[in-house]
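Here, each number is a calculation from the coordinates, and none is a lab measurement. A quick note: this is a predicted structure, and the numbers were derived from the prediction, not measured. Every residue, glycine as well, gets a Cβ built from its backbone with ideal geometry; the counts of neighbours run over all protein chains shown.
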Amino acid sequence: MKKLSLEMLRLSTNEILERSQMKKITGGYGSSGTCGFITASGSSFCGVSRDVAEKNAAGGGWWCCSQCATTSYCGPGSGW
């Protein structure tokens, strides 16, 4: 598999992210966790830390850790 270089992409300086911007994108919700959550409005995320799951489920949502595989929002058929 070939590696892409910036030269190969021919991007202008306006199209290249700064290191701090890239860190925000790759950081996400902390994808190194084993927990998940669903908000009161129905948005769900899996593979997050427990802290992130608890905070985002506050206000009427739900969160899981050890039993995520049995939930409708992180289990089989959920798209995660």
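Volume per residue, Å³, of the convex hull around the alpha-carbon atoms of the stretch 31-80? Please list the in-between numbers first.
Values: hull volume 3.0 nm³, N = 50.
Spread over its residues, the Cα hull of the stretch 31-80 gives 60 Å³ apiece.
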Problem set entry | Listed peptides 33-41, 53-61 by packing density, highest first (mean Cβ within 10 Å) | 33-41, 53-61
Exercise. On full extension of the chain, what length is gained from residue 17 through residue 70, given 0.36 nm per residue of separation minus the C-alpha to C-alpha distance?
Worked result: 15.2 nm
